[in-house]
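The values are calculated or read from the model by the stated rules, or taken from the named source; none is laboratory data. Just so it is clear, the structure is predicted and the values come from calculations on it, not from any experiment. With ideal geometry, Cβ positions are generated from the backbone for all residues, glycine too; neighbour counts draw on all protein chains shown.
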Amino acid sequence: MSSIDQYYESLVQQKIQTENEIAHLREKVCMLWEKLDEDIKRSNEFLQKHTGNSVTTLQAFQQEVKRCDRLKKAYIEKFIKTMREELLQYRDECHFSSAFSSAERESFEYFHDNLYTEDLLTFHKPKGSHSSIFTITCIRRIF
């Protein structure tokens, strides 16, 4: 393989890597915007301005993730309360009795913790992920 072929192959790999990273960051930014209740107009303008797979687009998404992470830390209490509401919504969607929901809620010791930190948010994330999978399974059983 000639050095030109190797260089071309490295550029192709770099392009694929950049595309994948931008897709991942776009998904992460959208999730953060949703959780932060970002202005839809501002979000749409950002997405319209930063299209394609250029290094500039990659850097813009990296900066937006950093900005949203700073906001998330500033509003950690709101984030945790939102996740708790989602957990309750998942239970309600599956038509569980309030006794079961309360018992399950009580078994999750961090549900009533009022020391809002990044660690507390982390404890809620696996429960949220589990609950969304649980809800999908529940809905499949119902229908």
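Of note:
- In region 52-71 there is no residue that is more than 14 Å from the chain's Cα centre (by Cα), over 27 Å from Val12 (Cβ atoms) and part of a loop (DSSP other than H, G, I, E, B).
- Sub-8 Å Cβ pairs linking a first residue in region 68-87 that is small (Gly, Ala, Ser) to a second residue that is at pLDDT 85 or above, at least 6 apart or interchain, number zero.
- Number of the exception - Glu38 against (1) assigned to a helix (DSSP H, G or I); (2) within 20 Å of the chain's Cα centre (by Cα); (3) at pLDDT 90 or above: (1)
- With respect to the stated conditions, Arg26 is surrounded by 15 or more Cβ atoms within 10 Å (Cβ to Cβ), among the basic types (Lys, Arg) and either assigned to a loop (DSSP other than H, G, I, E, B) or at pLDDT 95 or above (or both).
- Breaking point among (1) under 30 Å from Asn114 (Cβ atoms); (2) outside the structural domain of Thr117 (by TED's automatic domain parsing), for Leu87: (2)
- Against the test of being small (Gly, Ala, Ser) and at pLDDT 90 or above, the options Ala99, Ala103, Ala60 yield a single qualifying residue, Ala60.
- Among the residues of this structure, Ala74 counts as one that is at pLDDT below 90 and exposed (fewer than 14 other Cβ atoms within 10 Å of the Cβ).
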